[in-house]
Amino acid sequence: MIYFDNSATTPMLKEVIQTIQKVQEHYIGNPSSLHDLGVQARQLLEKAREQIANLLHVTTESIYFTSGGTESNNAAILGTAFEKRGKHVITTQIEHPSVTKTMHFLEKMGYTVTYLPVNAQGIVSIEALKAAIHSDTILVSVMWVNNEVGSIQPIQAIAEVLQEYPHIHFHVDAVQAVDDVLKQGIPKRVDLLSLSAHKYHGPRATGILYKKEGRRIQPLLHGGGQEKGLRSGTEHVGNNVAMAKALRLYREKQQQDVTHVDKLSQRLRAFLKTFESVHVLSPDNATHHIVTFALSGVRGEVMVHALEKEKIYISTTSACSSKINKAHHTLSAMNIPTELSTCAVRVSFSYYNTLEELQHFEKVFTALYAQFSKIMK
Ligand SMILES: Cc1ncc(COP(=O)(O)O)c(C=O)c1O
């Protein structure tokens, strides 16, 4: 089996599964309980928070545990809207649905949302951002790496623009950018940042919201006051400890051969370019782990199922849109014609994929291309 769908989710590492089992078995207390079982669970949870903070080079106090990227994005966006007075928010046309749909909700609540367009490379213009900011703007929310094509947004340049507007919250959906976050750190001007453990071989339904100390947002979940009142609900100690471990292991794997994923994607791009009817849709300077392409005339889902028969797993451009069967919004924002966007498929690598796996993919794809070419003639 070859798993090239790491942007949808990554398989949990054995060590990470073992950590969850161990914590579930041996740390039975509620981390809010006063007795020693509670204290032990609390200490373990806080150690995980500290470990994550150290890996991200931020303060322990700025790390909040959530149920994943979707919750972190909702908490950052709605939490800002409920905290601040202004009624204008800026985002892009290519965000993940957990941002876009939250923005639609804000519109229903009377907010105005500017959706910045992107160019043919899937990148927003800084000039368009500058033009969109006005006195009522409370939030700019821009993803770091796009999940459909892997385009990388100019987070540092946006941060520089926002230096002049200290009252505006800057949120970054970094769910597909864990690689960059670990390499570059979180830019200082970023106030809120979302991460999700299942994108780096950690547990599902477990995530991080980074909130810069001193920045205020309103909680979405009210109750027992956990997570400093920002996110009530008894914490999943096992998953959070495993999420910290997964981040440390990911960092170690990345450091062993920092160009490994880059090499795989360069090779795949070069391979795909040898086929006349194949169009690589990911921009040249996209993130390394995502290569989106289309074989014209062959719908994305047909390609996904043809590869699945050979036990090779990829996806149409996002796991969420693949079931809804609607036009891929990033590709249409990039002005990719519908005939091609409906044929788009996404290969997404992890540091655990091997050159041998890619070589096998190449063999299978070459055979499929020959088969499809006969049908298309
Ligand atoms: C860019 C981006 N943001 C947010 C999410 C949602 O994360 P989660 O699945 O942890 O809710 C995803 C998931 O694919 C994503 O790719």
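The values are calculated or read from the model by the stated rules, or taken from the named source; none is laboratory data. This structure is a prediction, so every number in the text was calculated from the model and none was measured. Cβ atoms come from the backbone with ideal geometry, glycine included; neighbour counts cover every protein chain shown. Just the protein is used for accessible areas: all its heavy atoms, side chains included, with ligands, DNA and RNA removed. Shrake-Rupley method; radii C 1.70, N 1.55, O 1.52, S 1.80 Å.
Using the heavy atoms of the protein chains and a 1.4 angstrom probe, tell me the accessible area per residue for region 24-97 in square angstrom.
Values: 3370 Å² over 74 residues.
Ligands and nucleic acids excluded, the figure is 46 Å² per residue.
Between region 221-289 and region 139-199, how far is it from one alpha carbon centroid to the other, in angstrom?
14 Å
In a Gaussian network model over the chain where Cα atoms closer than 10 Å are linked, find which of Gln51, Gln254, Gln184 has the largest mean-square fluctuation.
With Cα springs under 10 Å in the chain, the top fluctuation among Gln51, Gln254, Gln184 is at Gln184.
Identify, among Pro187, Ser135, Val145, the residue whose Cα sits farthest towards the positive end of the charge dipole of region 14-253, taking +1 on the Cβ of Lys and Arg and -1 on the Cβ of Asp and Glu, with the dipole about the Cα centre.
Looking along the dipole axis, the top candidate is Pro187.
I'd like the accessible area for Lys245: 1.4 Å probe, protein heavy atoms, all chains in place, Å² to the nearest 10.
The accessible area of Lys245 comes to roughly 50 Å².
In percent, what relative contact order does the chain have, based on Cα pairs under 8 Å that are 6 or more apart in sequence?
Values: 718 pairs, mean separation 84.8, N = 377.
After rounding, I find 22 percent.
With a ≥ b ≥ c taken as the square roots of the eigenvalues of the C-alpha gyration tensor of region 175-242, please select rounded if a/c is under 1.5 and otherwise prolate if a/b is larger than b/c or oblate if it is not?
oblate
With just the Cα atoms of the chain, tell me how far they stretch along each of the three principal axes, in Å, largest first.
Per principal axis, max minus min of the Cα coordinates gives 70, 52, 33 Å.
For Glu25, Glu95, give me the order by solvent-accessible area with a 1.4 Å probe, most accessible first, ignoring ligands, DNA and RNA. Don't jump to the answer; show the numbers that get you there.
Values: Glu25 130, Glu95 0 Å².
Ranked list, largest accessible area first: Glu25, Glu95.
Probe 1.4 Å, all protein chains in place: accessible area of Glu160 in Å², nearest 10?
It works out to around 110 Å².
So what's the back-of-envelope 222 nm ellipticity for the chain, counting only DSSP H runs of four-plus at -39500 (n - 2.57) apiece and dividing by all residues, rounded to 500? All intermediate terms of the calculation are to be shown ahead of the outcome.
Values: 14 runs with 161 residues, N = 377.
Computed mean residue ellipticity for the chain: -13000 deg cm²/dmol.
Quick one: order Tyr200, Tyr369 from most to least accessible surface, probe 1.4 Å. Before the final figure, lay out each step's value.
Numbers: Tyr200 0, Tyr369 35 Å².
Listed by decreasing accessible area, they come as Tyr369, Tyr200.
Would you work out what percent of the accessible area of the chain, with all protein chains in place, is carbon or sulfur (probe 1.4 Å)?
C and S atoms contribute 53 percent here.
Students often check this: by mean Cβ neighbours within 10 Å, which of 42-49, 108-115, 10-17 ranks highest, and how do the rest follow?
Working: 42-49: 18.2, 108-115: 13.8, 10-17: 16.6.
Result, highest mean first: 42-49, 10-17, 108-115.
How big is the accessible area of Tyr27 in square angstrom, nearest 10, if you roll a 1.4 angstrom probe over the protein chains?
Near enough 80 Å² of accessible area.
With +1 on each Lys and Arg Cβ and -1 on each Asp and Glu Cβ, and nothing else charged, work out how big the dipole of the chain is about its Cα centre, in Debye to the nearest 20.
So the magnitude is around 280 debye.
Please figure out what share of the DSSP beta bridges in the chain is antiparallel and state it in percent, rounded to the nearest 5. Present the calculation step by step, with values, prior to reporting the outcome.
Numbers: 20 of 40 bridges.
Around 50 percent of the beta bridges assigned by DSSP in the chain are antiparallel ones.
Based solely on C-alpha atoms, express the radius of gyration and the Dmax of region 173-212 in angstrom.
Both quantities, over Cα of region 173-212: 10.0, 29 Å.
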